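The values are calculated or read from the model by the stated rules, or taken from the named source; none is laboratory data. Predicted model, so just to flag it, every value in this text is computed and none were measured. Please note: Cβ atoms are built from the backbone with ideal geometry, for glycine as well, and neighbour counts cover all protein chains shown. Just so you know, the surface numbers come from the protein's heavy atoms only, side chains and all, with ligands and any DNA or RNA stripped out. Shrake-Rupley method; radii C 1.70, N 1.55, O 1.52, S 1.80 Å.
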Amino acid sequence: MISIRKTTALLLAISCAYLSGGAQTKQPVDYVDPFIGTSNSRWMLFPGATMPNGMVKLSPDNQRGVWQGGYEYAVGSIHGFSFLHGWTMAGLLTMPANGDLSTSPGAADEPFKGAGAGYHSRFRHEDEKASPGYYSVFLMDPQVKVELTATERTGVQRYTFAKDSSNRIMIQLNIPAEYGYDLKDAVITKVSNSEIQGYAKTASANFNDYTLYFVMQFSKPFHDFEGYGNQSVIKSNKEIKGSGELGAYVTYPTSKTEQVILRTGISFVNMDQARLNLKTELKGFDWNFDALVKHNRTIWNNTLKSIAVTGGSETDKKKFYTNFYRCFTAKMIMSDANGKYTDACENVQQLPTGRTAMIGGDAYWNTFWNLNLLWTLTSPDMVQQLVDTQLEMYKKTGWLSKGPAGVEYSGIMEGSHEMALITSAYLKGIVTKDAEIAYRAMKKTMEVEPGPTCGGNPGNPQITDYAKLGFVPVEKGATSKALDYAYDDWCVAQMAKLLHKDDDYNFFLKRSASWKNVFNPASRYVTPRKADGSFIPDFDLFSVSHFVEGNSWQYSLYVPHDVPGLINYIHKDEFLKRLTIGFQKSEVHKFAAHALDRTMGQSAEYYINQGNEVNMQAAFLFNYAGKPSLTQYYTRKILNTFYDASPYVGWNGDEDEGQMGAWFVLSSMGLFEMNGGTSPDLRIDITSPLFSDIKINLNPSYFKGKTFEIKAYHNSAKNIYIRTAKLNGKTLKDNHISFKDIVNGGKLELYMSVTAN
């Protein structure tokens, strides 16, 4: 007979084993919460469905055309589900509706029912779900459940209609977006009672002209097809044309609950290509919505499981994998399944054999600190695609592109930091072909004054002034340009060294020291400088005048390629004093000071701004100034206070391409790349990791499938300091390792302590 005590122990053991097994089955994809930060994020960060770098980003929208437009978690309505959420790119929205016909989406502060109320609908967050590759919501007003999923170039929706004779699906080509766009010419055509197709020629942000083609198929025949434009119904049951505003709707009168699936292929080339994408990517899925959701989930999980973390709280893991996920949602594939794409001059091109995708998006501005490192560690095939995109643009249209949204020359942000990614990719051995072509393209960027190209703005404006004077005078452009151009010079120098171009190496290396030319010797702060060489007197360190999304105090820390030189120039004690005071004063703001704010017309006294890229290296500067314990202290503070797991915060700043997300991911692993992987030693700085055990599962095609492990012994919320560090059993004398150490496989052991070493 078994005793009660033994029975209880047995049951507890079984229970613990069950719970342990359950915990082990939780996958990285299960920790991702796409709603995090959606109350204060950009158009490109959304809760809807996409694949890594997908062309289709199918997601709910509920705001007017405003900054940080798209989906706002705090708004209790939705006006539709649009297919594009790329920087400066939007278009094609669908929305189920019924009742009185309205051809306008309406806004959150407008009525939801009755004539002219708009086809937007209320919803409750308890009726809303999102995970990588899947989104669903129940719309209260039409009583319709909406579900979304996607492939790279197709969007698939499942609408569950209640019984209603007035059910319809709205299709709108002009929609509210973060960057407004003009609908120049558009057509929607009824192909059959189960298919429509169309195109929309648009112009956005003064540089991005693109035509979106789509083929939309329905799992059940619709009853009627009608069109509308500029607030008027267009009498045609076959085809509608127009500009400015254009839309259509199809009707689905139901006598019982019914499901209708919409599958839509898109292209920026032509209608045949949209149909090709639809046929190619949905082959084998037919109308099986659930199978596609499962497939999408698998793709995302394979990406995310390249890093496995143990320890830390469940919230830490949620923040980790959500930020990791965000590093692959903002970029956008611009080429079709067969490699065709439309170039910056609006000519159709064909990618050469072996090249798989053109990838566009916002600028590479300061992504060299974290995003590039994360990509090179976890997705080297994507890095290859990004570099291939740049070289393809150079070959076909003459320049690299700092922000190739729509495969265009956006001219956005300062410097040409796509060159940092290119340099790093070659130095790390990820990209090996066409190095001479890459170098010629980079050298051109640093030598040739750019002019308008294909309707856009390539290159580095005022590069001739910079070359002549060693800085950009305030009469010509932002003072901060010189700092970005000096870093660009460094990148070109390192490529020259790799290719044994000694004269070029020496020239560009010497010119990369031009950062000193904008430091006022009297104050040793960056100060705007006039063409005659004089500095603006009594310049306010916290003014953003003559600086791009930052101020003089912040930019006086910004020399990523020569931090030792910067410290020596300012003097170590003074440098440490400045940096320490800046962090102490910023801690109360959770390091989220925004440099563009003003108080009564005066400059706000803002120091550390984790909410924008210029300042995101600051905590790691202590590593170079002999105070690594302060790097460890402040990186932990930022991880725990600046980053949040709520829809209302997430990141208190301008997350646009994933750099903020990558900062969390890598810093919580204890890693940071100060010069962007652009020096032969490929230095990676070390800080206090958030997790006790981290495994990087390296790509077998590039790094032979090795594993690199980071073990943080006795790690906790109090034990945040690294007492001793060992790499593959050997004690480290410095607070950094190399990228090569990681990709060769091995183990970094950190022995944590409650007191600073």
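Values as computed for the structure displayed
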{"item": "Any hit, segment 668-682, residues being open to solvent by 30 Å² or more (accessible area, probe 1.4 Å), touching a Lys or Arg at 6+ places or on another chain (Cβ under 9 Å) and within 24 Å of residue 626 (Cα to Cα)", "result": "yes"}
{"item": "Cross-chain or 6+ apart pairs with Cβ under 8 Å, segment 295-308 first and under 18 Å from residue 282 (Cβ atoms), then in a strand (DSSP E or B) and of a type in the set (Phe, Trp, Tyr)", "result": "296/134; 297/134"}
{"item": "Selection count, segment 41-75, where residues are under 21 Å from residue 644 (Cβ atoms) and β-branched (Val, Ile, Thr)", "result": "1"}
{"item": "Residues of segment 149-182 classified as farther than 21 Å from residue 47 by Cβ, open to solvent by 10 Å² or more (accessible area, probe 1.4 Å) and not in a loop (DSSP other than H, G, I, E, B), total", "result": "4"}
{"item": "Meets criteria (at pLDDT below 95, of a type in the set (Phe, Trp, Tyr) and assigned to a loop (DSSP other than H, G, I, E, B)) for residue 365", "result": "yes"}
{"item": "Selection count, segment 119-141, where residues are out of contact with any Lys or Arg (no Cβ under 8 Å at 6 or more places or on another chain) and open to solvent by 10 Å² or more (accessible area, probe 1.4 Å)", "result": "10"}
{"item": "Residues within segment 328-372 that are over 20 Å from residue 459 (Cα atoms), open to solvent by less than 10 Å² (accessible area, probe 1.4 Å) and of a type in the set (S, T, N, Q), tallied", "result": "4"}
{"item": "Failed item in (1) touching a residue at least 60 places away in the same chain (Cβ under 8 Å); (2) outside any strand (DSSP E or B), with residue 75 passing the rest", "result": "(1)"}
{"item": "Criterion (open to solvent by 20 Å² or more (accessible area, probe 1.4 Å), under 28 Å from residue 500 (Cα atoms) and in a loop (DSSP other than H, G, I, E, B)) met by exactly one of 414, 436, 449", "result": "449"}
{"item": "Residue within segment 497-514 that is surrounded by 19 or more Cβ atoms within 10 Å (Cβ to Cβ), in a loop (DSSP other than H, G, I, E, B) and small (Gly, Ala, Ser) present", "result": "no"}
{"item": "Filtered residue count, segment 122-143, keeping only those that are closer than 30 Å to residue 31 by Cβ and touching a strand residue (DSSP E or B) at 6+ places or on another chain (Cβ under 7 Å)", "result": "13"}
{"item": "Hits in segment 629-651 - residues which are among the polar types (S, T, N, Q) and surrounded by 23 or more Cβ atoms within 10 Å (Cβ to Cβ)", "result": "631, 632, 635"}
{"item": "Condition met for residue 431 (touching a Phe, Trp or Tyr at 6+ places or on another chain (Cβ under 6 Å) and modelled with pLDDT of 95 or more)", "result": "no"}
{"item": "Test for residue 695: is it more than 18 Å from the chain's Cα centre (by Cα), open to solvent by 10 Å² or more (accessible area, probe 1.4 Å) and touching a residue at least 24 places away in the same chain (Cβ under 8 Å)", "result": "yes"}
{"item": "Residue list for segment 342-362, restricted to those being assigned to a loop (DSSP other than H, G, I, E, B), under 17 Å from the mean Cα position of the chain (by Cα) and hydrophobic (A, V, I, L, M, F, W, C)", "result": "358"}
{"item": "Candidate set: segment 652-665, residues that are more than 22 Å from residue 710 (Cβ to Cβ) and touching a Lys or Arg at 6+ places or on another chain (Cβ under 8 Å); chosen: the one most open to solvent (accessible area, probe 1.4 Å)", "result": "652"}
{"item": "Members of segment 190-214 found to be over 30 Å from the mean Cα position of the chain (by Cα) and open to solvent by less than 20 Å² (accessible area, probe 1.4 Å), listed by number", "result": "196"}
{"item": "Cβ pairs under 7 Å, 6+ apart, first in segment 214-234 and free of Cβ contacts under 8 Å to residues at least 24 places away in the same chain, second of a type in the set (Val, Ile, Thr) and open to solvent by less than 30 Å² (accessible area, probe 1.4 Å)", "result": "229/240; 234/240"}
{"item": "Residue match in segment 304-319 (condition: open to solvent by 50 Å² or more (accessible area, probe 1.4 Å) and touching a Ser or Thr at 6+ places or on another chain (Cβ under 7 Å))", "result": "yes"}
{"item": "Hits in segment 452-480 (condition: open to solvent by 10 Å² or more (accessible area, probe 1.4 Å), in contact with a Phe, Trp or Tyr (Cβ under 7 Å, 6 or more places away or on another chain) and either among the hydrophobic types (A, V, I, L, M, F, W, C) or outside any loop (DSSP other than H, G, I, E, B) (or both))", "result": "453, 454, 478"}
{"item": "Scan of segment 386-415 for residues that are polar (S, T, N, Q) and within 15 Å of residue 362 (Cβ to Cβ), ordered by number", "result": "389, 390, 401, 410"}
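For every residue, the table says whether it meets (1) of a type in the set (Phe, Trp, Tyr); (2) farther than 20 Å from residue 483 by Cα; (3) under 24 Å from the mean Cα position of the chain (by Cα).
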{"position": "364", "(1), (2), (3)": "yes, no, yes"}
{"position": "369", "(1), (2), (3)": "yes, no, yes"}
{"position": "381", "(1), (2), (3)": "no, yes, yes"}
{"position": "386", "(1), (2), (3)": "no, yes, yes"}
{"position": "390", "(1), (2), (3)": "no, yes, yes"}
{"position": "411", "(1), (2), (3)": "no, no, yes"}
{"position": "416", "(1), (2), (3)": "no, no, yes"}
{"position": "423", "(1), (2), (3)": "no, no, yes"}
{"position": "434", "(1), (2), (3)": "no, yes, no"}
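Yes or no, residue by residue, for (1) over 31 Å from the mean Cα position of the chain (by Cα); (2) within 24 Å of residue 402 (Cα to Cα):
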{"position": "499", "(1), (2)": "yes, yes"}
{"position": "513", "(1), (2)": "no, yes"}
{"position": "540", "(1), (2)": "yes, no"}
{"position": "544", "(1), (2)": "no, yes"}
{"position": "566", "(1), (2)": "no, no"}
{"position": "569", "(1), (2)": "yes, no"}
{"position": "575", "(1), (2)": "yes, no"}
